[in-house]
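Notes to accompany the following structure.
The values are calculated or read from the model by the stated rules, or taken from the named source; none is laboratory data. What you are looking at is a predicted structure, and each value in this text was computed from that prediction instead of being measured. With ideal geometry, Cβ positions are generated from the backbone for all residues, glycine too; neighbour counts draw on all protein chains shown. Heavy atoms of the whole protein, side chains included, go into the accessibility calculation; ligands, DNA and RNA do not. Shrake-Rupley method; radii C 1.70, N 1.55, O 1.52, S 1.80 Å.
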Amino acid sequence: MKHYLHPGAYAEISGNADYPSLKGTAYFYPVSSGGVLIETEVFDLPYEKVPPYGQFYGLHIHETGDCTLPFDKTGSHYNPGSLPHPEHAGDLPPLLGNEGYAYSVVYTDRVELPEIIERSLIIHSAPDDFTTQPSGNSGVKIGCGVITEKIPFFH
């Protein structure tokens, strides 16, 4: 089995006008058996002091890679199979933050790396409820990054 030590794609995440200090990165690693491993690190997420678990945020791959403020040009969740929510290819597990910081590594077999290049990775203000159609009632798009093959220096 071939193991990938370097990501095949990258997204630099920026906050919306209400959260301009929100910043982060996501690295996308192709998996030899299929799918993608996504490593996400985000700083300055909005948060409320909640007992000790932290706070959840929606995390999705959206159709369009246009992170022009206010992130309204990103389209819907990436959903090439026209499936109901939460079965969209772009539906990902929620991001868990603690006092404004989040680090996550998730695997999805719903997409392959080439099909998500030039799409966007979106962070929403609320957790996905995995029920509400069409997109899980995840709140406002507070963070956005275009998924690109142009990866800055990676250690």
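General remarks:
- Candidate values (1) 1.09; (2) 1.18; (3) 0.98, label of the one derived for Cα Rg over 2.2 N^0.38 Å: (3)
- Remark: the chain carries a charge dipole of roughly 180 debye about the Cα centre, counting +1 on each Lys and Arg Cβ and -1 on each Asp and Glu Cβ.
- For the peptides 58-66, 73-81, the ranking by mean Cβ contacts within 10 Å, running from highest to lowest, is 58-66, 73-81.
- Sorting Thr131, Thr40, Thr68 on solvent-accessible area from highest to lowest, probe radius 1.4 Å, gives Thr131, Thr68, Thr40.
- Accessible area per residue in Å² at 1.4 Å probe, computed on region 9-81: 48 Å²
- Choice from Pro84, Pro30, Pro46 with maximal GNM fluctuation in the chain (Cα, 10 Å cutoff): Pro84
- Helical content alone sets the calculated 222 nm signal of the chain at -500 deg cm²/dmol, taking -39,500 (n - 2.57) per DSSP H segment of four or more residues and averaging over every residue.
- Sequence of Ser82, Ser14 from largest to smallest accessible area, 1.4 Å probe: Ser82, Ser14
- Note on region 17-155: with neighbouring protein chains present and a 1.4 Å probe, carbon and sulfur make up 56 percent of its accessible heavy-atom surface.
- Put simply, the amide H of Ala9, placed in the peptide plane, has neighbours under 5 Å in Phe28, leaving out anything fewer than 5 places away on its chain.
- Contact order for the chain, expressed relative to its length and based on alpha carbon pairs under 8 Å spaced 6+ residues apart, stands at 30 percent.
- 3J(HN,Hα) from dihedral phi, region 132-148, Karplus parametrisation 6.51/-1.76/1.60, rounded to Hz, x for glycine, proline: 4, 9, x, 9, x, 6, 8, x, 6, 6, 9, x, 8, x, 7, 7, 9
- For region 100-155, accessible area per residue (1.4 Å probe, heavy atoms of protein chains only), Å²: 54 Å²
- A 1.4 Å probe over all protein chains sorts Lys141, Lys150 by accessible area into Lys150, Lys141, starting with the largest.
- Most simply put, region 13-130 has about 100% antiparallel DSSP beta bridges, counting only bridges with both residues inside it.
- Taking θ as phi - 60° and the Karplus parameters 6.51, -1.76 and 1.60, the scalar couplings of region 100-108 work out to x, 10, 9, 9, 8, 10, 10, 10, 9 Hz in sequence order, x denoting glycine and proline.
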